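Trainee: The structure's right below; bear with me while I get my questions together.
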Amino acid sequence: GSDPECMGEAAGTISDLENKIVDINMGCPVPKVVNNGDGSSLMKNPALVEKVVEAVVENAKKPVTVKIRAGFDEEHKNAVEIACAAAEAGAAAIAVHGRTREQYYSGKADWAIIREVKEAVLVPVIGNGDLNSPEDVKAMYEETGCDGFMIGRAAQGNPWIFKNILSYFSTGEISPKPDLEEVRKMILRHAKMEVDLKGEYVAIREMRKHAAWYTAGYPNSAKLRGAMNEANTLEEVDEIIKGARH
């Protein structure tokens, strides 16, 4: 959102829920969001950023974090200015995606600007962009000194990435890729959780893309993906997973 009064009211409305933080997403590149002046479009107006963050901080009753990008486009990479405005307004932490809005998710993330933000503000800075492995996370830490890391697309079909990162930082060793049996169990667990959350009709259809992500790169997994694309019920998914074990 980009209306300070509306954002403040919304933050107050959810202040008694179980969420631990309130995050303002100023990184969203989607046209219908940007064209409304919201998401990454906010980065064009540092003064408005400060007003929005102030309004949310005043009403949230819990820490407010802000997610930004490197800038709106290559000619306006103003992440440092936006981060300073957000921190001045009371943001408790700032996440920086090293791409501009113009890049969406293409090209290479600019980790240097994450380092510049880290050097410019006193609040914790979370790095985001091109973190596809534990080695990437370690490299970002060494290059930027950031306080935390945000994993996005690399977690699709790979929820193990988080424990693998922690293990790599503590032991220096790369964890082995889960075997196909572990992947099958995770697909079924994920499907059951999706059904509980969204109902069977929506959940099973959403699981088709997740199954493709989970099984990418594994031998003889095309048959499982094909079967999942035909599934309509949790019972069918269960039978597919059981059948894939033989």
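Trainee: Take the residues in the range 48-75 that are in a helix (DSSP H, G or I) and within 16 Å of VAL121 (Cα to Cα), then tell me which one is most open to solvent (accessible area, probe 1.4 Å).
Mentor: Here the residue is GLU50.
Trainee: Only one of these is among the hydroxyl-bearing types (Ser, Thr, Tyr) and under 30 Å from GLU116 (Cβ atoms): TYR168, TYR218, TYR214. Name it.
Mentor: The unique qualifying residue is TYR168.
Trainee: Pick from the range 1-42 the residues that are in contact with a helix residue (DSSP H, G or I) (Cβ under 9 Å, 6 or more places away or on another chain) and of a type in the set (S, T, N, Q): which of them is surrounded by the most Cβ atoms within 10 Å (Cβ to Cβ)?
Mentor: Per the criteria, the residue is SER40.
Trainee: Somewhere in the range 181-188, is a residue in contact (Cβ under 8 Å) with a residue 60 or more places away in the chain and more than 18 Å from the chain's Cα centre (by Cα)?
Mentor: Within the range 181-188, one or more residues are in contact (Cβ under 8 Å) with a residue 60 or more places away in the chain and more than 18 Å from the chain's Cα centre (by Cα).
Trainee: Here is a follow-up. When the residues of the range 131-168 are narrowed to those that are within 12 Å of the chain's Cα centre (by Cα) and not hydrophobic (A, V, I, L, M, F, W, C), which ends up farthest from ASP23 (Cα to Cα)?
Mentor: GLN156
Trainee: Among the residues of the range 149-166, is any of a type in the set (S, T, N, Q) and at pLDDT below 95?
Mentor: No, that holds for no residue.
Trainee: When you scan the range 221-244, how many residues do you find that are open to solvent by less than 30 Å² (accessible area, probe 1.4 Å) and over 13 Å from ALA211 (Cβ atoms)?
Mentor: Residues flagged as open to solvent by less than 30 Å² (accessible area, probe 1.4 Å) and over 13 Å from ALA211 (Cβ atoms) within the range 221-244 amount to 0.
The values are calculated or read from the model by the stated rules, or taken from the named source; none is laboratory data. Only a predicted model underlies this, so the values are computations on that prediction, with no experimental measurement involved. Because the Cβ atoms are built from the backbone with ideal geometry, glycine has one as well, and the counts that use them run over all protein chains shown. Note: areas computed on protein heavy atoms with side chains; ligands, DNA, RNA excluded. Shrake-Rupley method; radii C 1.70, N 1.55, O 1.52, S 1.80 Å.
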